[in-house]
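**Student:** Handing you this structure, nothing more for now.
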Amino acid sequence: MIDLFVQQLVNGLALGSTYALVALGLTLIFGVLLIPNFAHGEFYMLGAFLTYAMVLAGMNFWLAMALAVGAVILLGCLVDRLAFKPVEQAPPLSMMISALAASIILQQSAMLIWGGEARTIPAPVTGVLRTPFFIVTWMQLIVMASLLLAAAGVWLVLNRLRLGLAIRAVAQNRDAALLMGISMFQVRLATFAIGAALGAIAGALLGATFPIYPTMGVNPVLKAFVVLVLGGIGSLPGAVFGGLFLGVVEVMVAGYISSELSDIGAFAILVAVLLLRPQGFFGQAQVER
Amino acid sequence: MKPFSGIGAACALAMLATPLWADEIVVGDLHPITGPANFYGLPESRAIQLAVEEINAAGGLSVGGESHTFRIQTEDTQANPTVGVSALKKLVSSDVRFVIGPLSSGVGPALFPIIDRSDAITQIIDGTIAEGVTNGRNIFRNQATVSQYDVSVVALFKAKGYGSVTMMTDRFHAGFVGTQPALAASLKELGAEIAGEEGYKLGDTDFSATLTRVASRNPDVLLIRGYPAEGALITKQARQLGFEGQVVWEMVSPPSTVLKNISAAEMEGVYNCIPATTEDYIALGNEKAIALEEAYRARFNEPAGELSVLSYDAVHILKAAIEKAGSLENAAVNAALADLTVEEVPQLISDYVPGEGGQLFDDKGQVTLRSAVSVWQGEGWHPATDVIR
């Protein structure tokens, strides 16, 4: 069994990369705007379906993905305007209900357009990399590389641009940021655009690996919320580490104990983290004043 | 009694009696027209439509010397038990007495207790393979059971002499889970070692941990029991992780659905162990299946579904039973169904094995469909005639 350890570790990192890629956009929106964006799973789903539709029409995968990302950015901003902005001042429960409603509407719309049948986007790169210690598909390597690029890209935006400075200011203290003249409109728009883009990139890449269907976003978003708690809400390194950690734990449980226990293992760790370190691995404890 | 209430009662009685005496016999078509299983359900519903149109165009049914026609009332189950029960209630409230369907293994068991208690519904199941959903009294099924699927698996192992197998089963599919111990015992009797019994669930996407373990054990066969999207993904990931043995599926899997999830090259040589489907009958040159396919293509501009032949058969079975009963009373039709022989329904496409007296259904209301094994070649399934003729 131990001879399979390296292979299982690579399996775990590959799976974890998919979780982290979905969680990145979610943690950004939640961290900055405190919106539990359940519709993030639908950004992911629409990124996949739009790419699928364009690839099927004969377009190059990467071009189709870029166009899909652009379309989902527009949709993300629209969802914010229609579903979240109007209930901005309402109690948090209204925000959650609005997020769920947006998620269901987008799911059902996709069901009407594409039907419920599962399908896979023709992968732009096929084949596997075989080494003496492990096997990994080229698509999995692309997903892992995309995770690193996406995380680095978001870090650069947040830490090297004025827009990023404004986003971080709102995340730290919204009222103070407003008093300093930061445009909340721009921050919301940018945050939703980046979040939606990350969701769409994840959908397009993972849709070339896994089947896509209108409800495909539900499970990844649930897992992404677990990743958020593990890594620390609003923390980008936390989202990456949390996703990879969750993936490795699930694979190790499935590989060495039982495939039927992998979800139980993941959620048991979630409960343990909530009990022992509620702020997550990379989060900071906050005092309510 | 006031005159108004008397007239009201008479009208109510007349309304209740209308479907019994009218020229039209309403058939409830209970299938997933929308939702995740509509690629199975819609072709079934359309085949019912074609069969009904064909029967009506040929003069309809003769019941006790009177001529009748069929009319369809379609209700969508969405392959969801709750929606399915509501759909059945809608049919019942419309006084529909003859129902064909449903499809999924979740919906069939949910409807069973309601229909089992009723003496005003006759049901012919053409979709679900779940065990224990027929009673031979008013619920009959012209689709196979999971156990009959397993017969095909055993036949394949017998023909090929495989030495070991790992089973991967959708653990939320009650039918497959329920028959797994019996199947494992049958395969052991043939000398096959059960190298592993793994579970997964509908919607899972990453099987790498399990398949790494499977590949390290290197069994002769990886048997996948569930639905085609996961079947395709497991097959693809197993090959990527170095599994070199034989992949065997046990599921209804339309090639159009399969090819949306895996390439034809990756599917080459995979066996599927289920009784023959529409495609198989067409490939075997069954003229009635070819005629149905042509009518279906002409009408809907796409090929018939894998289960379309069963739905087509179900309508003809119902027609034969009503004509044999010479009555529209459910009790009479039920008795006729129980006694119906395969020979009495010459329009049947599927290959039903007659009972001792030539009966179509056994005492539990279940047909026996002849075992079959298909192999993927090129762009679709083809009868594996080297395994089962």
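The values are calculated or read from the model by the stated rules, or taken from the named source; none is laboratory data. None of the values given here were measured: they were computed from a predicted structure. Counting neighbours? That spans all protein chains shown, and the Cβs are built from the backbone with ideal geometry, glycine included. Quick note on the areas: whole protein, heavy atoms, side chains included, nothing else; ligands and nucleic acids left out. Shrake-Rupley method; radii C 1.70, N 1.55, O 1.52, S 1.80 Å.
**Student:** Hey, got the dipole for chain B? About the Cα centre, +1 on K and R Cβ, -1 on D and E Cβ, debye to the nearest 20?
**Tutor:** On the way: 28 positive and 47 negative charges, 154 e Å.
That gives a dipole near 740 debye.
**Student:** Using only the alpha carbons of chain A, determine the length spanned along each of the three principal axes and report them from longest to shortest in whole angstroms.
**Tutor:** So the three principal-axis extents are 59, 49, 35 Å.
**Student:** Please report the spacing between the Cα centers of the range B:95-151 and the range A:243-276 in Å, no decimals.
**Tutor:** Each part reduced to its Cα centre gives a spacing of 40 Å.
**Student:** Using all Cα-Cα distances in the protein assembly as shown, what percent lands in each 20 angstrom bin from 0 up to the longest?
**Tutor:** The percentages, shortest bin first, are 17, 44, 29, 9, 0.
**Student:** If you average the C-alpha positions of the range B:281-347 and of the range B:20-55 separately, how far apart do those two centres end up, in angstrom?
**Tutor:** Result: 12 Å between the Cα centres.
**Student:** How many Å² of accessible surface get buried when B and A come together, counting both sides, probe radius 1.4 Å, rounded to the nearest 100?
**Tutor:** Working: alone 16110 and 14190 Å², together 28010 Å².
So the buried area, both faces added, is about 2300 Å².
**Student:** Below 8 Å, C-alpha to C-alpha, sequence gap of six or more: please give me the relative contact order for chain A in percent. Spell out each step's value before the answer.
**Tutor:** Values: 457 pairs, mean separation 105.2, N = 289.
So the answer I get is 36 percent.
**Student:** A follow-up question, please. What does the charge count around B:E344 come to, taking other residues whose C-beta lies under 12 Å from its C-beta (Lys +1, Arg +1, Asp -1, Glu -1)?
**Tutor:** Values: positive: B:K319, B:K324; negative: B:E323, B:D339, B:E343.
Its environment carries a net charge of -1.
**Student:** Rounded to the nearest percent, how much of the accessible area of the range B:147-274 (1.4 Å probe, protein heavy atoms only) is carbon and sulfur? List each step's numbers first, then the result.
**Tutor:** Values: 2040 of 4000 Å².
Of the solvent-accessible surface of the range B:147-274, carbon and sulfur hold 51 percent.
**Student:** Helix B:81-93 versus the longest principal axis of chain B: what angle, 0 to 90°, nearest 10, using Cα atoms?
**Tutor:** On a 0 to 90 degree scale, this one is about 20.
**Student:** Please state the relative contact order of chain B as a whole percent: Cα pairs under 8 Å, 6+ residues apart? Don't jump to the answer; show the numbers that get you there.
**Tutor:** Values: 791 pairs, mean separation 70.5, N = 389.
Here the relative contact order equals 18 percent.
**Student:** A further question on this structure: Can you tell which of B:V258, B:F176, B:W381 lies farthest toward the positive end of the dipole of chain B, using +1 and -1 charges on the Cβ of basic and acidic side chains (Lys, Arg; Asp, Glu)?
**Tutor:** B:F176
**Student:** Let me ask something additional. Using helices alone, what [θ] at 222 nm do you get for the protein assembly as shown, with -39,500 (n - 2.57) per DSSP H run of 4 or more residues, divided over all residues and rounded to the nearest 500?
**Tutor:** Numbers: 25 runs with 375 residues, N = 678.
Here the helix-only value at 222 nm equals -18000 deg cm²/dmol.
**Student:** Then there is this: Using the Cα atoms of the range A:61-210, I'd like the radius of gyration and the largest Cα-Cα distance, Dmax, both in angstrom.
**Tutor:** Every Cα atom of the range A:61-210 included, Rg and Dmax give 18.7, 59 Å.
**Student:** Considering only DSSP beta bridges whose two residues both sit in the protein assembly as shown, what percent are antiparallel, to the nearest 5? Walk me through the numbers on the way to the answer.
**Tutor:** Numbers: 15 of 52 bridges.
Restricted to the protein assembly as shown, the bridges split so that about 30 percent are antiparallel.
**Student:** Quick check on the range A:131-289: what does the Kirkwood estimate of hydrodynamic radius come out to from the alpha carbon pairs, in Å?
**Tutor:** Values: mean 1/r = 0.0563 Å⁻¹.
Kirkwood hydrodynamic radius for the range A:131-289: 17.8 Å.
**Student:** Any idea what log10 I(q)/I(0) is at q = 0.24 Å⁻¹ for the range A:119-158, Debye with uniform C-alpha scatterers and no solvent?
**Tutor:** Ignoring solvent entirely, the Cα scatterers give -0.82.
**Student:** Could you list the GluC sites (Glu not before Pro) in the range B:251-286 that lie in coil according to DSSP, counting only those with at most 13 other Cβ atoms within 10 Å of their Cβ?
**Tutor:** Working: sites: B:E266, B:E268, B:E279; in loops: B:E268.
Hits after loop and neighbour filter: B:E268.
**Student:** For the range B:147-274, what class follows from the C-alpha gyration tensor (a ≥ b ≥ c being the square roots of its eigenvalues): rounded when a/c is under 1.5, otherwise prolate if a/b is larger than b/c, else oblate?
**Tutor:** Values: a/c = 1.38, a/b = 1.25, b/c = 1.11.
Judged from the Cα gyration tensor, the range B:147-274 comes out rounded (a/c under 1.5).
**Student:** In Å³ and rounded to a whole number, note down the convex hull volume per residue for the Cα atoms of chain B. Please report the intermediate quantities before stating the final value.
**Tutor:** Values: hull volume 54.6 nm³, N = 389.
For chain B, the hull spanned by Cα atoms encloses 140 Å³ per residue.
**Student:** Could I ask something else about it? When the accessible area of each residue in the range A:78-124 is compared between its chain alone and the complete protein assembly (1.4 Å probe; ligands, DNA and RNA ignored), which residues differ by at least 10 Å², being lower in the assembly?
**Tutor:** Listed in order, they are A:M111, A:G116, A:E117, A:A118, A:R119, A:T120.
**Student:** So, with +1 on the Cβ of K and R and -1 on the Cβ of D and E, and no other charges, what is the size of the charge dipole of the range B:147-274 about its Cα centre, to the nearest 20 debye?
**Tutor:** Working: 11 positive and 14 negative charges, 5 e Å.
With Lys and Arg at +1 and Asp and Glu at -1, about 20 debye.
**Student:** Calculate one ³J(HN,Hα) per residue across the range B:137-142 by plugging θ = phi - 60° into the Karplus curve 6.51 cos²θ - 1.76 cosθ + 1.60, and present them in order as whole Hz with x for glycine and proline.
**Tutor:** Going residue by residue, I get 9, 10, 10, 10, 9, 9 Hz, with x marking Gly and Pro.
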